[in-house]
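*Asks:* So that we are looking at the same thing, I have put the structure below in structure tokens.
The values are calculated or read from the model by the stated rules, or taken from the named source; none is laboratory data. Since this is a predicted model, take the numbers as computed values, not measurements. Cβ coordinates were reconstructed from backbone atoms using ideal geometry, including for glycine residues, and neighbour counts include every protein chain displayed. With ligands, DNA and RNA removed, areas are computed over all heavy atoms of the protein, side chains included. Shrake-Rupley method; radii C 1.70, N 1.55, O 1.52, S 1.80 Å.
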Amino acid sequence: MADELNTNPADFLASLPFDKRLAYHDVTGSIAWTQALARADVLTGDEEQSIIAGLESIRAELDPGQFPFRLELEDIHFNIERRLIELIGPVGGKLHTGRSRNDQIATDTRLYVKDVIAAALQRLNAYCLALIDQAEQGIDVILSGYTHLQRAQPVLLGHHLLAYVEMAERDAGRLRDTLTRADVMPLGSAALTGTAYPIDRDALANDLGFAAVSRNSMDAVADRDYIIEFLSAAALTMTHLSRLCEEIILWSSDEFGFVRVGSDYASGSSIMPQKRNPDIAELVRGKTGRVVGDMVALLTSVKALPLAYNRDLQEDKEPLFDAADTLLASLEMMAGMVPTLEFQRERMQAAAESGFLLATELADYLAAKGVPFREAHGIVSGLVETALADGKELRDLKLDDYTRASSHFEDDVLDITVESAVAKRNVVGGTAPNRVREAIAAARARLEADSP
């Protein structure tokens with residue numbers, strides 16, 4: 001066992017096993033850097049063309065997986081540079097003029113984060129549309145809303161699902177906000193003091209599709225805020241997905257019986273033939289912890305680093321890649337699973353009509369009759385206690401039961417239903433059917449406007 005765990009320093013230092021996935025971004029940055037060197041008259045036109053041709057050949061090798069990665073070259077930068085020299089000769093060694101691996105890796109990871117955010121926004125959009133479609137189909141379905149996981153008040157299923165759309169839209173907003181700070185080009189900062197060559201950094205940023213140029217070379221090579229912000233946004237997005245997954249898991253149990261998950265997103269038991277386990281929802285819930293851990297790992301790595309670059313920053317990529325892969329896969333699964341959910345309308349309606357979900361409605365009824373709400377609250381609380389002692393639910397009570405509790409109750413109290421309770425919440429953001437229809441239309445319009 002001791003021999004199996006014997007790691008040599010060169011292998012420990014190597015980042016190639018994980019940073020090789022930045023190869024395309026590294027080639028992209030290198031082509032732009034070659035053009036910048038040519039504009040600065042550091043390279044001749046022939047040298048520029050030769051280096052770019054060599055880099056394009058490397059990109060072509062990456063597509064079919066033919067690039068000869070070599071662990072002894074430590075990282076993706078040295079691998080590409082060495083391969084370039086093999087392809088075009090010593091002139092390939094001029095590519096690294098005026099830059100450092102420090103600004104090079106910062107550029108690569110920013111390009112990667114920008115791509116990942118774009119992909120996440122597309123998947124968030126699909127997930128939101130799936131929720132909105134289900135909300136529209138559930139516009140007339142009433143279920144129990146919960147607080148403390150106790151039945152509270154009746155709500156529309158559409159209203160409940162739109163709550164997750166709100167969360168997802170905030171997640172998209174955080175990702176877009178992260179993008180504004182990731183969209184800054186550090187290339188040209190060199191190791192820490194800035195390049196010694198007359199590089200037109202604005203033109204270079206334009207070539208690479210960056211919106212701005214970094215203002216301080218030391219900060220540019222040491223900054224990993226954009227990765228931490230992405231990890232934070234990813235962790236919160238996963239947390240919101242996990243909350244919906246938790247409800248799907250609960251609701252699909254026999255105890256609730258509110259929903260059935262599509263067969264492609266559930267599985268049976270190896271021993272119990274009757275089981276239909278919501279495994280995808282459970283896995284997304286479980287993977288949320290990984291992404292939260294990725295965020296904490298990088299925050300912990302960065303918290304004590306002096307300026308400028310330190311090798312600790314090599315530890316930024318594994319949590320970044322893991323969180324990105326997990327987030328994108330989870331969003332894709334959620335966008336696919338939500339349309340398969342079969343909500344059990346009758347079971348939901350029955351749950352909403354049982355118990356004491358209309359207790360708040362009764363208190364509001366008394367308050368409308370002039371009873372101070374705190375006093376009305378006490379009257380209804382007593383009414384509920386009496387009903388429980390008699391083994392009754394509110395729907396079992398007669399007018400006499402109400403009038404014994406308070407003389408303010410009249411025969412119209414019997415007209416209170418879960419439907420009337422829902423319809424009465426006719427305020428912006430409320431669960432009344434017309435408000436939910438408006439919210440669905442508004443959510444669709446926002447998604448179309450923000451569509452990537």
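*Asks:* Spot the failing condition for Ala14; the list is (1) within 23 Å of Asn206 (Cβ to Cβ); (2) surrounded by 15 or more Cβ atoms within 10 Å (Cβ to Cβ); (3) aliphatic (A, V, I, L, M), and only one is missed.
*Replies:* Among (1) within 23 Å of Asn206 (Cβ to Cβ); (2) surrounded by 15 or more Cβ atoms within 10 Å (Cβ to Cβ); (3) aliphatic (A, V, I, L, M), Ala14 violates only (1).
*Asks:* In the stretch 400-427, which residues are of a type in the set (Asp, Glu), within 23 Å of Val141 (Cα to Cα) and surrounded by 12 or more Cβ atoms within 10 Å (Cβ to Cβ)?
*Replies:* Glu419
*Asks:* Output the residue which, of all residues in the stretch 65-120 that are polar (S, T, N, Q) and in contact with a helix residue (DSSP H, G or I) (Cβ under 7 Å, 6 or more places away or on another chain), is surrounded by the most Cβ atoms within 10 Å (Cβ to Cβ).
*Replies:* Filtering first and then ranking leaves Thr107.
*Asks:* Right, another one. From the list Leu331, Leu341, Leu383, Leu397, which residue is surrounded by 17 or more Cβ atoms within 10 Å (Cβ to Cβ), in contact (Cβ under 8 Å) with a residue 40 or more places away in the chain and under 22 Å from Ser144 (Cβ atoms)?
*Replies:* Testing whether each residue is surrounded by 17 or more Cβ atoms within 10 Å (Cβ to Cβ), in contact (Cβ under 8 Å) with a residue 40 or more places away in the chain and under 22 Å from Ser144 (Cβ atoms) leaves just Leu341.
*Asks:* Taking the conditions exactly as written (surrounded by fewer than 17 Cβ atoms within 10 Å (Cβ to Cβ) and either over 29 Å from the mean Cα position of the chain (by Cα) or assigned to a helix (DSSP H, G or I) (or both)), does Pro306 satisfy them or not?
*Replies:* Taking the combined requirement at face value, the residue satisfies it.
*Asks:* If you don't mind, another one. Taking the condition of being on the phi < 0 side of the Ramachandran plot, touching a residue at least 60 places away in the same chain (Cβ under 8 Å), of a type outside the set (D, E, K, R) and not in a helix (DSSP H, G or I), how many residues in the stretch 149-191 meet it?
*Replies:* Here the count works out to 11.
*Asks:* Could you list, in sequence order, the residues of the stretch 56-91 that are touching a Lys or Arg at 6+ places or on another chain (Cβ under 9 Å) and closer than 15 Å to Asp19 by Cα?
*Replies:* Residues satisfying the conditions are Phe67, Pro68, Phe69, Arg70, Leu73, Asp75, Ile76, His77, Phe78, Asn79.
*Asks:* Right, another one. Kindly provide the set of residues from the stretch 309-343 that are of a type in the set (Phe, Trp, Tyr) and either within 18 Å of Phe12 (Cα to Cα) or not in a helix (DSSP H, G or I) (or both), ordered by number.
*Replies:* Tyr309, Phe343
Here is a yes/no grid of residues against (1) under 25 Å from Asn206 (Cα atoms); (2) open to solvent by less than 70 Å² (accessible area, probe 1.4 Å); (3) at pLDDT 95 or above:
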| residue | (1), (2), (3) |
| --- | --- |
| Ser30 | yes, yes, yes |
| Asp41 | yes, no, yes |
| Glu48 | yes, yes, yes |
| Gly54 | yes, yes, yes |
| Asp63 | no, no, no |
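*Asks:* Scanning the stretch 278-321 for residues that are touching a residue at least 60 places away in the same chain (Cβ under 8 Å) and among the acidic types (Asp, Glu), which turns out farthest from Ala266 (Cα to Cα)?
*Replies:* Selected residue: Asp316.
*Asks:* Does Ala234 satisfy being in a helix (DSSP H, G or I), at pLDDT 95 or above and closer than 25 Å to Pro319 by Cα?
*Replies:* Answer is yes for this residue.
*Asks:* Checking the conditions here, which among Asp202, Asp219, Asp254 is surrounded by fewer than 18 Cβ atoms within 10 Å (Cβ to Cβ), without any contact (Cβ under 8 Å) to a residue 24 or more places away in the chain, assigned to a helix (DSSP H, G or I) and more than 13 Å from the chain's Cα centre (by Cα)?
*Replies:* Asp202 is the lone residue from the list that is surrounded by fewer than 18 Cβ atoms within 10 Å (Cβ to Cβ), without any contact (Cβ under 8 Å) to a residue 24 or more places away in the chain, assigned to a helix (DSSP H, G or I) and more than 13 Å from the chain's Cα centre (by Cα).
*Asks:* Of the residues Gly29, Gly45, which single one is among the small types (Gly, Ala, Ser) and within 40 Å of the chain's Cα centre (by Cα)?
*Replies:* Gly29 is the lone residue from the list that is among the small types (Gly, Ala, Ser) and within 40 Å of the chain's Cα centre (by Cα).
*Asks:* Out of the residues in the stretch 344-365 that are part of a helix (DSSP H, G or I) and polar (S, T, N, Q), state the one that is surrounded by the most Cβ atoms within 10 Å (Cβ to Cβ).
*Replies:* Gln349
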